[in-house]
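The structure appears below as structure tokens.
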Amino acid sequence: MKSIQSDDFELFELTQRFAQDRAQLDARWKDLQREVHPDKFAGQDAAAQRVAMQWSVRVNEAYQRLKDPLKRAAYLCELNGAPVNAENNTAMPAAFLMQQMQWREELDEAKSAEDIQQISQQVQLARRGMLENIERLIDLQHAFDEAVEQVRALMFVERFEDDVNTRLDQIETF
């Protein structure tokens, strides 16, 4: 077992890159959980049980970060000296902001589930393109500062995608 201080990639014995095999990640998570699950240490003293609990929490936190493409991208940027700092830096290119405003207007004006589905498809397509761009910037170009901008933009897109899904749920329940 690695150190509890290891980065998530070391902990999961994965290459530090954006593109990851989800099946491999899931299998490694299950293996790690089998190793550190607190139930395995039920017969040991309180200190061993506490350590097992800390390890279990650490493994689960790493898994949550690694399995989510947005969180994984932000984490890789941070590991490579380019923190996202989304709470302090919300600057976005004008074209991106215009697209966001257009989508918001379309969502506000949408009358049917079909209208919202169309918006959802546009957003999903944009999201896929952004993820491909992030993969290229991180894995091929090692351009973490540029990737940070894309990660922040993806945060906006994912938040909007949640709004689209919420609106779709509202329309479909009436």
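Every number in this text was worked out from the coordinates using simple rules, so none of it is lab data. Nothing here was measured: the structure is a model prediction, and the numbers come from that model. Counting neighbours? That spans all protein chains shown, and the Cβs are built from the backbone with ideal geometry, glycine included.
Tabulated results
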| item | result |
| --- | --- |
| Residues in the stretch 14-35 that a label on Asn133 would reach, taking backbone N under 13 Å of a point 7 Å out along Cα→Cβ | none |
| Gain in span if fully extended, Asp108 to Glu87, counting 0.36 nm per residue against the direct Cα distance | 5.0 nm |
| Acute angle (nearest 10 degrees) that the helix 69-79 long axis makes with the longest principal axis of the chain, alpha-carbon atoms | 60 degrees |
| C-alpha long axis of helix 22-36 to longest principal axis of the chain, angle in ° | 30 degrees |
| Between helix 113-135 and the chain: long-axis angle, C-alpha atoms, 0 to 90°, nearest 10 | 50 degrees |
| For the chain: rounded, prolate or oblate by the Cα gyration tensor [a/c cutoff 1.5] | prolate |
| Mean-position separation - Cα centroids, the stretch 56-99 and the stretch 104-174, in angstrom | 15 Å |
| Helix-only CD estimate at 222 nm, as mean residue ellipticity for the chain, using -39500 (n - 2.57) per DSSP H run (n ≥ 4) | -23000 deg cm²/dmol |
| Extension gain (nm, one decimal) between Asp39 and Glu13, 0.36 nm per residue minus Cα-Cα | 7.0 nm |
| Relative contact order of the chain, defined on C-alpha pairs under 8 angstrom at six or more residues apart (%) | 24 percent |
| Additional length obtainable on full extension of the chain from Gln121 to Met101, 0.36 nm per residue less Cα span | 5.5 nm |
| Two-site label geometry, Asp162 and Asn60: point separation in nm, points 7 Å out along Cα→Cβ | 2.0 nm |
| Inter-label distance, nm, simple model (7 Å from Cα along the C-beta direction), Ile171/Met155 | 2.9 nm |
| The stretch 70-160: GluC sites (Glu not before Pro) in DSSP coil with no more than 16 other Cβ atoms inside 10 Å | Glu87 |
| Convex hull volume per residue for the stretch 94-172, taking Cα atoms only, in Å³ | 73 Å³ |
